[in-house]
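The values are calculated or read from the model by the stated rules, or taken from the named source; none is laboratory data. In this text, all values refer to a predicted model and were calculated from it rather than measured experimentally. Cβ atoms come from the backbone with ideal geometry, glycine included; neighbour counts cover every protein chain shown.
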Amino acid sequence: MSFLSQNEINSMKKDMDNLLESPESQTVIFRWQTGHTGTWDDQYKRYVGGAPVYTTNDGIKCIVAFLTESNIETLIDAGIDVKIGDAIFYFEYDTDLSGKEALRITHKGIYWYPIVPQPAPFEISGVPLGASQMATILYCTRIRRSETTDEAGGGITI
């Protein structure tokens, strides 16, 4: 349930679309892993040999907001692991980010890696999913991090 009527939501979606077509918008490149040429090892839950296969999609419009000391406290208090200099990317409301493993965003020659906070970004930012979603929001950092996924040392790159 939303506190806005559907007409107000549609108006805000239109405003966001207009903003993405304005001079303030930026163009980024998405790159994500779509497969691997190696063989999957069930014991260690990772690929052996081969190389990752990537897909690239360029010309994606977004609004970029860099985090500063004045606007970072709310996100940190909400448990989102962000630092000054990280960025929030606002994409069109129907941008599909599902299935984009090892997603990397290139913006002005800099690689940005998504942060997947808990709770999800849309809950923190007050932009609910579904019919009232006004933008797709992605928190990103320039620091590439690895997490160990099992005791054997297999890991995924975030």
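Does segment 64-76 contain any residue that is of a type in the set (D, E), surrounded by 13 or more Cβ atoms within 10 Å (Cβ to Cβ) and without any contact (Cβ under 8 Å) to a residue 12 or more places away in the chain? Taking every residue of segment 64-76 in turn, none turns out to be of a type in the set (D, E), surrounded by 13 or more Cβ atoms within 10 Å (Cβ to Cβ) and without any contact (Cβ under 8 Å) to a residue 12 or more places away in the chain. Taking the criterion of being at pLDDT below 80 and hydrophobic (A, V, I, L, M, F, W, C), the residues of segment 94-149 that qualify are V116, A120, F122, I124, V127, L129, A131, M134, I143.
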